[in-house]
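This report refers to the structure that appears directly beneath it.
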Amino acid sequence: MKIIIAGVAYPYRGGLAAYNERLAREFIAEQHEVSIVTFTLQYPSFLFPGKSQYVNSMLPEGLSITRRMNSTNPFNWIKTARYIRSQKPDILIFKFWLPFMGPCFGTIARVVRKNKRTKVISIFDNVIPHEKRPGDKLFTRYYTGAIDGAIAMSQSVMDDITLFRKDIPVRLNPHPVFDNFGPSISRSNAMASLGLDDSCSYMLFFGFIRKYKGLDLLIDAFADSRLRNRNIKLIVAGEFYDDAEYYTGKVKEHALESEVIFFDRFINDSEVTAFFSAADIVVQPYRSATQSGVTQIAYNFCKPMIVTDTGGLRETVPHQRCGYVVNPEPGSISDAIADFFINNRKEEFAINVLHEKHKYAWSAMTAALTDVYNKITGK
(Lines give C-alpha, C1' and ligand atoms only; values in the text may rest on other atoms or scores of the structure.)
Protein backbone atom coordinates (compact mmCIF):
# COMPACT_ATOMS: atom_id res chain seq x y z
CA MET A 1 0.00 0.00 0.00
CA LYS A 2 0.90 3.64 -0.23
CA ILE A 3 0.95 5.19 3.23
CA ILE A 4 1.51 8.76 4.41
CA ILE A 5 2.11 9.55 8.07
CA ALA A 6 1.27 13.16 8.94
CA GLY A 7 2.75 14.43 12.19
CA VAL A 8 5.90 15.07 14.16
CA ALA A 9 9.18 13.90 12.62
CA TYR A 10 12.69 15.17 11.91
CA PRO A 11 13.85 17.90 12.50
CA TYR A 12 11.55 17.93 15.54
CA ARG A 13 12.65 16.14 18.68
CA GLY A 14 11.03 13.86 21.20
CA GLY A 15 8.99 10.70 21.50
CA LEU A 16 6.35 11.61 18.93
CA ALA A 17 8.97 12.03 16.23
CA ALA A 18 10.73 8.82 17.26
CA TYR A 19 7.40 6.95 17.14
CA ASN A 20 6.38 8.16 13.68
CA GLU A 21 9.82 7.48 12.23
CA ARG A 22 9.96 3.97 13.74
CA LEU A 23 6.44 3.20 12.48
CA ALA A 24 7.46 4.31 8.99
CA ARG A 25 10.47 1.98 9.07
CA GLU A 26 8.27 -0.96 10.06
CA PHE A 27 5.90 -0.35 7.16
CA ILE A 28 8.87 0.03 4.80
CA ALA A 29 10.26 -3.31 6.02
CA GLU A 30 6.89 -4.82 5.08
CA GLN A 31 7.35 -3.51 1.51
CA HIS A 32 4.89 -0.61 1.67
CA GLU A 33 5.56 2.78 0.09
CA VAL A 34 5.80 5.22 3.00
CA SER A 35 6.47 8.93 3.43
CA ILE A 36 6.09 11.37 6.31
CA VAL A 37 4.65 14.88 6.10
CA THR A 38 5.76 16.94 9.08
CA PHE A 39 5.59 20.54 10.24
CA THR A 40 7.15 23.78 9.12
CA LEU A 41 5.65 25.11 12.37
CA GLN A 42 4.59 22.71 15.11
CA TYR A 43 3.98 25.13 17.97
CA PRO A 44 4.28 28.92 18.12
CA SER A 45 7.27 29.61 20.36
CA PHE A 46 5.14 31.21 23.06
CA LEU A 47 3.15 27.97 23.45
CA PHE A 48 6.21 25.71 23.68
CA PRO A 49 7.48 25.36 27.28
CA GLY A 50 10.87 23.85 26.42
CA LYS A 51 14.12 25.39 25.22
CA SER A 52 14.05 24.05 21.66
CA GLN A 53 11.72 22.04 19.44
CA TYR A 54 14.53 20.76 17.21
CA VAL A 55 17.23 18.09 17.16
CA ASN A 56 20.85 18.72 16.23
CA SER A 57 21.33 15.77 13.90
CA MET A 58 21.20 14.72 10.27
CA LEU A 59 18.08 13.64 8.39
CA PRO A 60 17.39 9.97 9.27
CA GLU A 61 18.60 7.68 6.50
CA GLY A 62 16.07 5.72 4.50
CA LEU A 63 13.07 7.93 5.29
CA SER A 64 11.17 10.36 3.05
CA ILE A 65 10.25 13.35 5.23
CA THR A 66 8.69 16.53 3.83
CA ARG A 67 8.05 19.67 5.88
CA ARG A 68 4.67 21.15 4.88
CA MET A 69 2.25 21.59 7.81
CA ASN A 70 1.76 24.80 9.79
CA SER A 71 -0.39 24.04 12.83
CA THR A 72 -1.78 27.60 13.05
CA ASN A 73 -2.39 28.59 9.40
CA PRO A 74 -5.74 27.47 7.88
CA PHE A 75 -4.58 28.36 4.35
CA ASN A 76 -1.62 26.04 4.83
CA TRP A 77 -3.93 23.25 5.99
CA ILE A 78 -5.78 23.36 2.67
CA LYS A 79 -2.53 23.52 0.69
CA THR A 80 -1.03 20.59 2.61
CA ALA A 81 -4.22 18.58 2.23
CA ARG A 82 -4.28 19.12 -1.52
CA TYR A 83 -0.70 17.91 -1.74
CA ILE A 84 -1.47 14.75 0.25
CA ARG A 85 -4.67 14.17 -1.72
CA SER A 86 -2.75 14.42 -4.98
CA GLN A 87 -0.43 11.62 -3.79
CA LYS A 88 -3.46 9.28 -3.54
CA PRO A 89 -2.28 7.30 -0.51
CA ASP A 90 -4.31 4.29 0.56
CA ILE A 91 -3.90 5.29 4.20
CA LEU A 92 -3.24 8.63 5.88
CA ILE A 93 -2.13 8.16 9.48
CA PHE A 94 -2.24 10.86 12.16
CA LYS A 95 -0.86 10.35 15.67
CA PHE A 96 -3.11 12.48 17.89
CA TRP A 97 -1.91 13.65 21.27
CA LEU A 98 -3.27 17.17 21.83
CA PRO A 99 -6.58 18.89 20.97
CA PHE A 100 -4.60 21.95 19.79
CA MET A 101 -3.81 19.89 16.67
CA GLY A 102 -7.48 19.09 16.05
CA PRO A 103 -8.28 21.97 13.65
CA CYS A 104 -5.14 21.39 11.57
CA PHE A 105 -5.39 17.61 11.39
CA GLY A 106 -9.18 17.60 11.07
CA THR A 107 -9.18 20.02 8.15
CA ILE A 108 -6.42 18.15 6.32
CA ALA A 109 -8.26 14.85 6.83
CA ARG A 110 -11.55 16.23 5.48
CA VAL A 111 -9.96 17.60 2.32
CA VAL A 112 -7.87 14.50 1.65
CA ARG A 113 -10.85 12.15 1.98
CA LYS A 114 -12.54 13.92 -0.91
CA ASN A 115 -10.37 11.89 -3.28
CA LYS A 116 -12.64 8.91 -2.41
CA ARG A 117 -9.57 6.69 -2.05
CA THR A 118 -7.63 7.61 1.08
CA LYS A 119 -8.76 6.28 4.45
CA VAL A 120 -7.76 8.29 7.52
CA ILE A 121 -6.69 6.31 10.58
CA SER A 122 -5.71 7.95 13.85
CA ILE A 123 -3.37 6.54 16.48
CA PHE A 124 -4.47 8.09 19.77
CA ASP A 125 -1.97 8.84 22.52
CA ASN A 126 -4.68 10.73 24.35
CA VAL A 127 -8.24 11.80 23.64
CA ILE A 128 -8.71 13.74 26.87
CA PRO A 129 -5.43 15.61 27.59
CA HIS A 130 -3.57 15.46 30.91
CA GLU A 131 -3.70 19.24 31.26
CA LYS A 132 -7.11 20.54 30.23
CA ARG A 133 -7.60 23.81 28.33
CA PRO A 134 -10.58 25.71 26.92
CA GLY A 135 -11.65 24.32 23.55
CA ASP A 136 -10.32 20.80 24.14
CA LYS A 137 -13.63 19.01 23.52
CA LEU A 138 -14.54 21.21 20.56
CA PHE A 139 -11.20 20.66 18.83
CA THR A 140 -11.19 16.92 19.57
CA ARG A 141 -14.76 16.53 18.29
CA TYR A 142 -13.84 18.33 15.07
CA TYR A 143 -10.86 16.03 14.56
CA THR A 144 -12.56 12.75 15.43
CA GLY A 145 -15.38 13.62 13.06
CA ALA A 146 -12.89 13.50 10.16
CA ILE A 147 -11.37 10.04 10.66
CA ASP A 148 -12.38 6.63 9.33
CA GLY A 149 -10.83 4.43 12.00
CA ALA A 150 -8.61 4.49 15.07
CA ILE A 151 -5.99 2.73 17.16
CA ALA A 152 -6.11 3.20 20.93
CA MET A 153 -2.90 2.46 22.80
CA SER A 154 -4.64 1.80 26.13
CA GLN A 155 -8.07 0.76 27.32
CA SER A 156 -8.69 4.16 28.92
CA VAL A 157 -8.03 5.85 25.57
CA MET A 158 -10.31 3.35 23.82
CA ASP A 159 -13.07 4.23 26.28
CA ASP A 160 -12.52 7.94 25.63
CA ILE A 161 -12.75 7.50 21.85
CA THR A 162 -16.30 6.16 22.27
CA LEU A 163 -17.29 9.47 23.86
CA PHE A 164 -16.76 11.03 20.42
CA ARG A 165 -17.25 8.23 17.88
CA LYS A 166 -19.08 4.91 18.10
CA ASP A 167 -19.43 4.35 14.35
CA ILE A 168 -15.83 3.61 13.30
CA PRO A 169 -13.60 0.55 13.70
CA VAL A 170 -11.25 0.90 16.65
CA ARG A 171 -8.47 -1.50 17.69
CA LEU A 172 -6.65 -1.62 21.00
CA ASN A 173 -2.92 -2.03 20.49
CA PRO A 174 -0.37 -0.92 23.08
CA HIS A 175 2.62 1.29 22.41
CA PRO A 176 5.37 -0.87 20.86
CA VAL A 177 8.84 -1.19 22.38
CA PHE A 178 11.09 1.75 21.54
CA ASP A 179 13.86 -0.40 20.11
CA ASN A 180 15.33 2.39 18.00
CA PHE A 181 17.87 3.24 20.74
CA GLY A 182 19.70 -0.05 20.29
CA PRO A 183 20.87 -2.53 22.94
CA SER A 184 22.15 -1.81 26.44
CA ILE A 185 25.78 -1.00 27.12
CA SER A 186 27.72 -2.26 30.12
CA ARG A 187 26.89 -0.67 33.45
CA SER A 188 30.50 0.50 33.87
CA ASN A 189 30.47 2.24 30.48
CA ALA A 190 27.14 3.87 31.26
CA MET A 191 28.46 5.12 34.61
CA ALA A 192 31.59 6.51 33.01
CA SER A 193 29.56 8.22 30.28
CA LEU A 194 27.31 9.97 32.83
CA GLY A 195 29.99 10.62 35.46
CA LEU A 196 28.24 8.49 38.06
CA ASP A 197 29.60 6.47 40.99
CA ASP A 198 29.26 2.80 40.06
CA SER A 199 29.17 1.75 43.70
CA CYS A 200 25.63 3.18 44.01
CA SER A 201 22.23 1.87 42.92
CA TYR A 202 20.10 4.14 40.76
CA MET A 203 16.44 4.92 40.10
CA LEU A 204 15.63 6.78 36.91
CA PHE A 205 12.94 9.38 36.29
CA PHE A 206 13.11 10.10 32.57
CA GLY A 207 11.46 12.70 30.36
CA PHE A 208 10.29 16.28 30.53
CA ILE A 209 8.96 17.40 33.88
CA ARG A 210 5.38 18.58 34.34
CA LYS A 211 3.04 18.47 37.31
CA TYR A 212 1.05 15.49 36.08
CA LYS A 213 4.21 13.35 35.92
CA GLY A 214 4.50 13.38 39.71
CA LEU A 215 8.22 13.96 40.26
CA ASP A 216 7.35 15.71 43.52
CA LEU A 217 5.61 12.52 44.71
CA LEU A 218 8.76 10.55 43.96
CA ILE A 219 10.99 13.00 45.82
CA ASP A 220 8.70 12.80 48.85
CA ALA A 221 8.75 9.00 48.59
CA PHE A 222 12.53 8.95 48.39
CA ALA A 223 12.71 10.71 51.75
CA ASP A 224 11.38 7.56 53.46
CA SER A 225 13.65 6.47 56.33
CA ARG A 226 13.89 2.91 54.95
CA LEU A 227 15.77 4.26 51.91
CA ARG A 228 18.35 6.28 53.79
CA ASN A 229 21.94 5.06 54.05
CA ARG A 230 21.42 2.39 51.39
CA ASN A 231 23.58 4.00 48.72
CA ILE A 232 20.55 4.58 46.46
CA LYS A 233 20.40 7.62 44.23
CA LEU A 234 17.71 9.12 41.99
CA ILE A 235 18.57 10.31 38.47
CA VAL A 236 16.19 12.93 37.08
CA ALA A 237 16.91 13.16 33.36
CA GLY A 238 14.81 15.67 31.46
CA GLU A 239 13.95 19.27 30.82
CA PHE A 240 11.79 21.22 33.25
CA TYR A 241 8.48 22.35 31.75
CA ASP A 242 7.46 23.42 35.27
CA ASP A 243 9.13 25.66 37.84
CA ALA A 244 12.43 23.89 38.60
CA GLU A 245 12.72 25.59 41.99
CA TYR A 246 9.62 23.75 43.24
CA TYR A 247 11.37 20.41 42.76
CA THR A 248 14.85 21.46 43.86
CA GLY A 249 13.20 23.03 46.90
CA LYS A 250 11.65 19.68 47.79
CA VAL A 251 15.04 18.03 47.47
CA LYS A 252 16.51 20.56 49.92
CA GLU A 253 13.53 20.22 52.25
CA HIS A 254 14.25 16.49 52.59
CA ALA A 255 18.05 16.94 52.70
CA LEU A 256 18.44 14.82 49.56
CA GLU A 257 20.90 17.08 47.73
CA SER A 258 23.55 14.35 47.55
CA GLU A 259 21.02 11.64 46.59
CA VAL A 260 19.18 13.31 43.68
CA ILE A 261 21.12 13.98 40.49
CA PHE A 262 19.52 16.34 37.97
CA PHE A 263 20.32 16.28 34.25
CA ASP A 264 18.21 19.37 33.55
CA ARG A 265 18.05 19.32 29.75
CA PHE A 266 16.52 17.54 26.81
CA ILE A 267 18.12 14.11 26.54
CA ASN A 268 19.27 13.43 22.99
CA ASP A 269 18.62 10.04 21.42
CA SER A 270 22.33 9.28 21.51
CA GLU A 271 22.30 9.59 25.33
CA VAL A 272 19.25 7.45 26.08
CA THR A 273 21.16 4.17 26.16
CA ALA A 274 23.53 5.40 28.87
CA PHE A 275 20.74 6.55 31.20
CA PHE A 276 18.73 3.34 30.94
CA SER A 277 21.80 1.12 31.10
CA ALA A 278 22.82 2.86 34.33
CA ALA A 279 19.42 2.48 36.00
CA ASP A 280 18.38 -0.38 38.24
CA ILE A 281 14.72 0.58 38.00
CA VAL A 282 12.66 3.18 36.13
CA VAL A 283 10.02 5.12 38.09
CA GLN A 284 6.93 6.76 36.56
CA PRO A 285 5.01 8.31 39.46
CA TYR A 286 2.38 9.93 37.22
CA ARG A 287 -0.75 11.53 38.63
CA SER A 288 -2.51 10.89 35.32
CA ALA A 289 -1.56 8.94 32.22
CA THR A 290 -2.92 7.06 29.23
CA GLN A 291 0.24 5.22 28.16
CA SER A 292 3.88 6.18 28.01
CA GLY A 293 6.81 5.85 25.66
CA VAL A 294 9.12 5.79 28.70
CA THR A 295 7.65 2.42 29.68
CA GLN A 296 8.51 1.07 26.26
CA ILE A 297 12.07 2.42 26.42
CA ALA A 298 12.41 0.61 29.76
CA TYR A 299 11.18 -2.59 28.12
CA ASN A 300 13.78 -2.21 25.38
CA PHE A 301 16.55 -2.11 28.00
CA CYS A 302 14.92 -4.83 30.17
CA LYS A 303 14.50 -2.52 33.15
CA PRO A 304 11.94 -3.12 35.90
CA MET A 305 9.49 -0.29 36.51
CA ILE A 306 7.44 1.37 39.21
CA VAL A 307 4.31 2.90 37.68
CA THR A 308 1.21 4.38 39.20
CA ASP A 309 -2.25 2.85 38.88
CA THR A 310 -3.51 5.34 36.34
CA GLY A 311 -4.59 5.10 32.71
CA GLY A 312 -2.86 2.45 30.65
CA LEU A 313 0.30 2.18 32.76
CA ARG A 314 -1.21 -0.63 34.81
CA GLU A 315 -1.94 -2.55 31.61
CA THR A 316 1.70 -2.80 30.53
CA VAL A 317 3.58 -3.51 33.79
CA PRO A 318 2.51 -6.78 35.47
CA HIS A 319 2.56 -6.12 39.21
CA GLN A 320 5.24 -7.98 41.19
CA ARG A 321 6.56 -9.52 37.95
CA CYS A 322 8.00 -6.69 35.86
CA GLY A 323 7.82 -4.11 38.60
CA TYR A 324 5.11 -2.49 40.67
CA VAL A 325 1.76 -0.81 40.10
CA VAL A 326 1.14 1.55 43.01
CA ASN A 327 -1.16 4.36 44.07
CA PRO A 328 -0.01 7.86 43.03
CA GLU A 329 1.03 8.90 46.52
CA PRO A 330 4.42 8.92 48.29
CA GLY A 331 3.75 6.08 50.75
CA SER A 332 2.85 3.55 48.07
CA ILE A 333 5.80 4.61 45.91
CA SER A 334 8.28 4.32 48.79
CA ASP A 335 6.91 0.86 49.71
CA ALA A 336 7.70 -0.34 46.17
CA ILE A 337 11.18 1.21 46.17
CA ALA A 338 11.95 -0.35 49.54
CA ASP A 339 10.74 -3.79 48.47
CA PHE A 340 12.77 -3.66 45.25
CA PHE A 341 16.10 -2.72 46.83
CA ILE A 342 15.82 -4.38 50.24
CA ASN A 343 14.64 -7.71 48.78
CA ASN A 344 16.96 -7.59 45.74
CA ARG A 345 14.27 -7.97 43.07
CA LYS A 346 16.38 -6.59 40.21
CA GLU A 347 17.47 -9.82 38.52
CA GLU A 348 14.13 -11.60 38.94
CA PHE A 349 12.14 -8.68 37.52
CA ALA A 350 14.60 -8.06 34.67
CA ILE A 351 14.14 -11.65 33.46
CA ASN A 352 10.37 -11.20 33.52
CA VAL A 353 10.65 -7.92 31.59
CA LEU A 354 12.72 -9.70 28.94
CA HIS A 355 9.91 -12.22 28.38
CA GLU A 356 7.09 -9.66 28.59
CA LYS A 357 8.51 -7.21 26.06
CA HIS A 358 7.91 -9.57 23.14
CA LYS A 359 4.21 -8.63 23.36
CA TYR A 360 5.01 -5.15 22.12
CA ALA A 361 6.33 -5.68 18.59
CA TRP A 362 6.02 -3.00 15.91
CA SER A 363 4.67 -5.63 13.56
CA ALA A 364 1.64 -5.91 15.87
CA MET A 365 0.99 -2.19 15.45
CA THR A 366 1.22 -2.30 11.64
CA ALA A 367 -1.04 -5.38 11.66
CA ALA A 368 -3.60 -3.50 13.79
CA LEU A 369 -3.54 -0.53 11.41
CA THR A 370 -3.95 -2.84 8.43
CA ASP A 371 -6.85 -4.60 10.15
CA VAL A 372 -8.61 -1.27 10.77
CA TYR A 373 -8.04 -0.33 7.12
CA ASN A 374 -9.53 -3.65 5.98
CA LYS A 375 -12.59 -3.13 8.18
CA ILE A 376 -13.07 0.37 6.74
CA THR A 377 -12.84 -0.85 3.17
CA GLY A 378 -14.71 -4.11 3.74
CA LYS A 379 -11.77 -6.26 2.65
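For segment 117-142, taking the residues that are assigned to a loop (DSSP other than H, G, I, E, B) and at pLDDT 95 or above, the one that is surrounded by the fewest Cβ atoms within 10 Å (Cβ to Cβ) is identified as Arg117. For segment 308-325, residues that are of a type outside the set (Lys, Arg) and either free of Cβ contacts under 8 Å to residues at least 24 places away in the same chain or not assigned by TED's automatic domain parsing to the domain that holds Leu218 (or both) total 6.
A quick yes/no check of all residues on (1) within 30 Å of Lys137 (Cβ to Cβ); (2) within 20 Å of the chain's Cα centre (by Cα); (3) surrounded by 14 or more Cβ atoms within 10 Å (Cβ to Cβ):
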residue: Gln31; (1), (2), (3): no, no, no
residue: Ser35; (1), (2), (3): no, no, yes
residue: Glu61; (1), (2), (3): no, no, no
residue: Ile65; (1), (2), (3): no, no, yes
residue: Arg68; (1), (2), (3): yes, no, yes
residue: Ile84; (1), (2), (3): yes, no, yes
residue: Phe96; (1), (2), (3): yes, yes, yes
residue: Phe100; (1), (2), (3): yes, yes, yes
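Got at least one residue in segment 326-348 being under 22 Å from Ile128 (Cα atoms) and of a type outside the set (Phe, Trp, Tyr)? Scanning segment 326-348, I find at least one residue that is under 22 Å from Ile128 (Cα atoms) and of a type outside the set (Phe, Trp, Tyr), so the answer is yes. Within segment 143-163, the set of residues being in contact (Cβ under 8 Å) with a residue 24 or more places away in the chain, more than 20 Å from the chain's Cα centre (by Cα) and either over 20 Å from Thr290 (Cβ atoms) or assigned to a loop (DSSP other than H, G, I, E, B) (or both) comprises Gly145, Ala146, Ile147, Asp148, Leu163.
Kindly indicate whether any position in segment 273-290 is hydroxyl-bearing (Ser, Thr, Tyr), assigned by TED's automatic domain parsing to the domain that holds Glu348, closer than 22 Å to Tyr12 by Cβ and buried (at least 21 other Cβ atoms within 10 Å of the Cβ). Taking every residue of segment 273-290 in turn, at least one turns out to be hydroxyl-bearing (Ser, Thr, Tyr), assigned by TED's automatic domain parsing to the domain that holds Glu348, closer than 22 Å to Tyr12 by Cβ and buried (at least 21 other Cβ atoms within 10 Å of the Cβ). Testing Leu204 on (1) closer than 27 Å to Asn126 by Cα; (2) in a helix (DSSP H, G or I), one condition comes back false. Which one is that? If we test Leu204 against (1) closer than 27 Å to Asn126 by Cα; (2) in a helix (DSSP H, G or I), just (2) comes out false.
A quick yes/no check of all residues on (1) more than 18 Å from Asp269 (Cβ to Cβ); (2) touching a residue at least 60 places away in the same chain (Cβ under 8 Å); (3) assigned to a loop (DSSP other than H, G, I, E, B); (4) not charged (D, E, K, R):
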site: Arg22; (1), (2), (3), (4): no, yes, no, no
site: Thr40; (1), (2), (3), (4): yes, no, no, yes
site: Tyr43; (1), (2), (3), (4): yes, no, yes, yes
site: Leu59; (1), (2), (3), (4): no, no, yes, yes
site: Met69; (1), (2), (3), (4): yes, yes, no, yes
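Scanning segment 200-214 for residues that are farther than 17 Å from Gly293 by Cα and at pLDDT 95 or above, we see that the one that is farthest from the chain's Cα centre (by Cα) is Cys200. Pairing residues of segment 118-131 that are assigned by TED's automatic domain parsing to the domain that holds Arg165 with residues that are part of a loop (DSSP other than H, G, I, E, B) and among the acidic types (Asp, Glu), at Cβ distances under 6 Å and at least 6 apart in sequence or on separate chains, gives Lys119/Asp148; Val120/Asp148.
Of everything listed in (1) of a type outside the set (Val, Ile, Thr); (2) closer than 19 Å to Met305 by Cα; (3) within 25 Å of the chain's Cα centre (by Cα); (4) surrounded by 14 or more Cβ atoms within 10 Å (Cβ to Cβ), the single unmet condition for Asn173 is (2).
Going by what's in this entry, would Ile78 be described as in the same structural domain as Ala6 (by TED's automatic domain parsing), crowded, with 18+ Cβ neighbours inside 10 Å and β-branched (Val, Ile, Thr)? Taking the combined requirement at face value, the residue does not satisfy it. With (1) surrounded by fewer than 18 Cβ atoms within 10 Å (Cβ to Cβ); (2) modelled with pLDDT under 95 as the list, and Lys357 as the residue in question, which single condition is left unmet? Against the list (1) surrounded by fewer than 18 Cβ atoms within 10 Å (Cβ to Cβ); (2) modelled with pLDDT under 95, Lys357 comes up short only on (1).
Using the structure shown, decide if Ala298 is surrounded by 21 or more Cβ atoms within 10 Å (Cβ to Cβ) and more than 16 Å from the chain's Cα centre (by Cα). Considered against the rule, which asks whether it is surrounded by 21 or more Cβ atoms within 10 Å (Cβ to Cβ) and more than 16 Å from the chain's Cα centre (by Cα), Ala298 comes out as no.
Residues checked against (1) free of Cβ contacts under 8 Å to residues at least 24 places away in the same chain; (2) in a loop (DSSP other than H, G, I, E, B); (3) touching a Cys at 6+ places or on another chain (Cβ under 7 Å); (4) not assigned by TED's automatic domain parsing to the domain that holds Ala255:
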| site | (1), (2), (3), (4) |
| --- | --- |
| Arg165 | yes, yes, no, yes |
| Ile185 | no, yes, no, no |
| Asn189 | no, no, no, no |
| Ser199 | no, yes, no, no |
| Leu217 | no, no, no, no |
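Where helices (runs of 4 or more DSSP H) sit wholly within segment 278-379, those with at least 2 residues that are within 23 Å of Leu98 (Cα to Cα) occupy 293-300, 313-316, 362-377. When each of Ile261, Ile235 is tested for being of a type in the set (A, V, I, L, M, F, W, C) and either closer than 30 Å to Glu21 by Cα or assigned to a loop (DSSP other than H, G, I, E, B) (or both), the lone residue that passes is Ile235. Quick check: is even one residue across segment 275-287 among the β-branched types (Val, Ile, Thr) and closer than 18 Å to Ala190 by Cα? Looking through segment 275-287, at least one residue is among the β-branched types (Val, Ile, Thr) and closer than 18 Å to Ala190 by Cα. Only one of the numbered conditions (1) modelled with pLDDT of 95 or more; (2) farther than 20 Å from Thr273 by Cα is violated by Arg314, and that is (1).
The values are calculated or read from the model by the stated rules, or taken from the named source; none is laboratory data. Since we're looking at a predicted model, the values are computed, not measured. When we count neighbours, we look across all protein chains shown, and the Cβ atoms used for this are built from the backbone with ideal geometry, even at glycine.
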